[in-house]
Every structure is written in structure tokens, then in C-alpha cells.
Amino acid sequence: MPGLIRGMPDLNGGSPRGVLRPGWSAEVGDYAIAGGWTPRGEALVVADAAGGVYAFDGRSGATIWAQREAHEGGVLALAMQPDRPAFATAGQDGRVLVWNSDEGRVSQAVDVGNGWVENVAWSPDGQWFAASCSRQVHAYRADGVRIWRSDDHPSTVSAIAWSGTEELATACYGRVTFFDASNGEVRQKLEWMSSLVSMVLSPDGDIVACGSQDNSVHFWRRSTGQDSMMSGYPGKPSALAFDHTGTLLATGGGEAITVWSFRGRGPEGTRPGVLQHHFETVTALAFARRGMCLASGARDGRVVVWSLGRDGYGDPIGDAPVADVVGTLYWRPDGRALAALDAQGGVTAWRASNA
């Protein structure tokens, strides 16, 4: 593993510790695939592998509504619409459903294609959403009207992300492509001959980071065309996260979390921070919207909160268990609560004190 390993205080235990305080827990019908908080944190929406979609009260965890088998075959992705009580789900049935989160009502049902719809994402202003199905990506208005569809990519699209409201990025084998959001014209292609399994953009859209099948992280600076590879990971870095400033990039790929700093001339020629507390492979990473607070989850069923410096080094300040492998993590928009979804269908939310 690249970089330096720092000593960590022992926070292991059977109950939440440190900044994570007892909250609530709930269950969905199957593996909890994806979720998200409503804009003011009133509710947490969760989708499962059986196709069910649920909403839980953000403070108590009580079920607000439940729609089982909303997608035939299962849900594959969920995205909250920014600043609105709405969200979209994508499923194995080739559809995207747009929901009202208050009532659990489907307002739009969009047939995307004949294959699985593996990714869905809203533009930052909530006026557009995009979905990928097999080798194509489709862009829609919020009312479900399709604006454009891409040509076939070289392989199945593995990830999509918006760069502001003007561009949509896709990752697949061998390249990242940026499309004009309004008409689908290709603006830029960034190439790397490996299978790209994950992708994250810096907040300003200039830095593109991808986890690769060859156990490396590859990144590009769009403004200069410079690209670099960070190798030495024991596994595929499928978990990636930028902090809100775009200074720190946290990466999984093993039991430790490697944090690269883009300050100054970094990360080239610098040594990253390595955060070591999990006993199995890290599966989820999420920065809070403010400050340098990172949450991590792993196959060991542990959730850890870290306080980081701008150099990428840090220490654990909170720790809590869940029932099984941690699938995804979601900070409440105000940063005062953290939710985790796990492989047994568990939904756990903790209060976050001074995180």
C-alpha cells in the first residue's frame, strides 16, 4: 500500500463511539442497494435489490411509506433530485422512475432500454437527469422527455457524473467521455487502456479520478491534459470520494484508505495519508459537505468517521458496527447525522456530534 501508516486509537466495540451517537435502525426487504436524504433531512429514502423503495423518518426511523417490487427484477441505482422532494430510481427492468419523496408516488416512468439501467444521476440544478443502459447514456428533462442519446461506448458504461450543469461524464473500458448536456455532442475524451470501474469528479470538474481493474487509480487534469496513475493497491479501488474543496481524494482498494492531497503540486511526488482501522476491504467512502470529515465503511461491517488534515493524514473520531458488509454511506445535508446501508437490508442512522 502506498504511503505512510499512522497509529490509530482503538475504537472497536459493539456500540457507536466518539462522534457517532445512538440513532435508529430499520430494515428493507433485501440487500440495501442505494439511498439518500431529502434536502432538509426530514427523510431517508432507500432502495433494495428486490425492487422495493422505502422512506424512513429522518429522526425516528419510522416507515413513512413503502413500495415493494417497484422495479421488476431489482433496483440498481438511486439519485436524489437536488433541492426538491423528489428522486429517481433505475432498475433491471430497463426503466427509470421519478418519485415524489413525500408521498411515495411515481410521477414519471421512463423506458430507457432493453437492458439493465445501471446508473442514474441528476444535474446540480435538478433540471436534467441522465441514465446509462448497456453501452449508451441517455439525457432527459426532469419531466422525463429525452433530450439525446449517445452512440455506443466501447463497453458497458460503468459510471456517470455531472460536471456542473453543462457537461455529463461517462466512464467505460478505456476512456472517460464528456458530453455537452444540451445536445450530447462529445466535448472531450480521456483515454486509459484498462477497465474503469469507478469515477469521481472534483467539485470544479477539472480533476477526473477513476478506479481501474488493474488495481490502480488514474486521474486527469482537464485544464492541462496532464494524467497520472497511482498504483500499489491490493484490489480494485471501487470506492472514491473528493472532499468539498477538491483538495483531498480518498480511495479504497484494500483494508486501508489512501488519501491523496492535490495541494500545490500534489499528489505527484508526494506521500499520501493512509488511514488504517478496518480489517477487511473498504467498500464505501463519503465526505461530509463541510469540513474535512470522512466516513468509511468496509466488508468488516464497521463504519468509521475520520478527521483529516489538508495533507490527507488523520485520525478516527467515531466508530460503529452494522449487521453486514457496508454498501453505501450518506451524510445528512447538515452533517449532523450519518446513515449506512448494509448487505442484510439493514438501514442504520447515527447522530453525528461535532463531526
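The values are calculated or read from the model by the stated rules, or taken from the named source; none is laboratory data. Fair warning: this is a prediction, and the values are worked out from it, not measured in the lab. Positions of Cβ are generated from backbone atoms using ideal geometry, with glycine treated the same way; all protein chains shown enter the neighbour counts.
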(request) Give me the pairs, please: first residue somewhere in segment 288-317 and over 11 Å from V19 (Cβ atoms), second residue anywhere and charged (D, E, K, R) and crowded, with 20+ Cβ neighbours inside 10 Å, beta-carbon distance under 8 Å, and either six or more positions apart or on two chains. (result) M292/D243; L294/D243; G301/D342; R302/D319; V303/D319; L308/D243
(message) Restricting to segment 165-188, give me the number of residues that are under 23 Å from the mean Cα position of the chain (by Cα), part of a loop (DSSP other than H, G, I, E, B) and either among the charged types (D, E, K, R) or loosely packed, with under 15 Cβ neighbours inside 10 Å (or both).
(response) 2
(request) Identify, from the list A121, A77, A88, the residue that is crowded, with 22+ Cβ neighbours inside 10 Å, in contact (Cβ under 8 Å) with a residue 12 or more places away in the chain and touching a strand residue (DSSP E or B) at 6+ places or on another chain (Cβ under 7 Å). (result) A88
(message) So, V303, is that one surrounded by fewer than 24 Cβ atoms within 10 Å (Cβ to Cβ) and among the β-branched types (V, I, T) or not?
(response) no
(message) Of the residues P237, P267, only one is under 19 Å from R310 (Cβ atoms) and surrounded by 20 or more Cβ atoms within 10 Å (Cβ to Cβ); which?
(response) P267
(message) Show me the strands (runs of 3 or more DSSP E) entirely contained within segment 244-289 in which 1 or more residues are β-branched (V, I, T) and touching a helix residue (DSSP H, G or I) at 6+ places or on another chain (Cβ under 7 Å).
(response) none
(message) So F287 passes all but one of these: (1) over 20 Å from V217 (Cβ atoms); (2) touching a Cys at 6+ places or on another chain (Cβ under 9 Å); (3) among the aromatic types (F, W, Y). Which condition number does it fail?
(response) (1)
(message) Looking only at segment 201-229, filter to residues that are closer than 20 Å to C293 by Cα and not small (G, A, S); which one of those is surrounded by the most Cβ atoms within 10 Å (Cβ to Cβ)?
(response) L201
(message) Only one of G253, G232 is surrounded by 23 or more Cβ atoms within 10 Å (Cβ to Cβ) and either on the phi < 0 side of the Ramachandran plot or not hydroxyl-bearing (S, T, Y) (or both). Can you tell me which?
(response) G253
(request) Would you check if P316 is closer than 12 Å to L248 by Cα and of a type outside the set (S, T, N, Q)? (result) no
(request) Please give the number of the condition G312 fails out of (1) assigned to a loop (DSSP other than H, G, I, E, B); (2) under 21 Å from G14 (Cα atoms); (3) not β-branched (V, I, T). (result) (2)
(message) Test of understanding: among G318, G312, which residue is at pLDDT below 95, touching a strand residue (DSSP E or B) at 6+ places or on another chain (Cβ under 6 Å) and either of a type in the set (K, R) or more than 17 Å from G36 (Cα to Cα) (or both)?
(response) G312
(request) From S238, S182, grab the single residue that is polar (S, T, N, Q) and farther than 26 Å from W148 by Cβ. (result) S238
(request) Report yes if E103 is among the acidic types (D, E), within 16 Å of W37 (Cα to Cα) and surrounded by fewer than 21 Cβ atoms within 10 Å (Cβ to Cβ), otherwise no. (result) yes
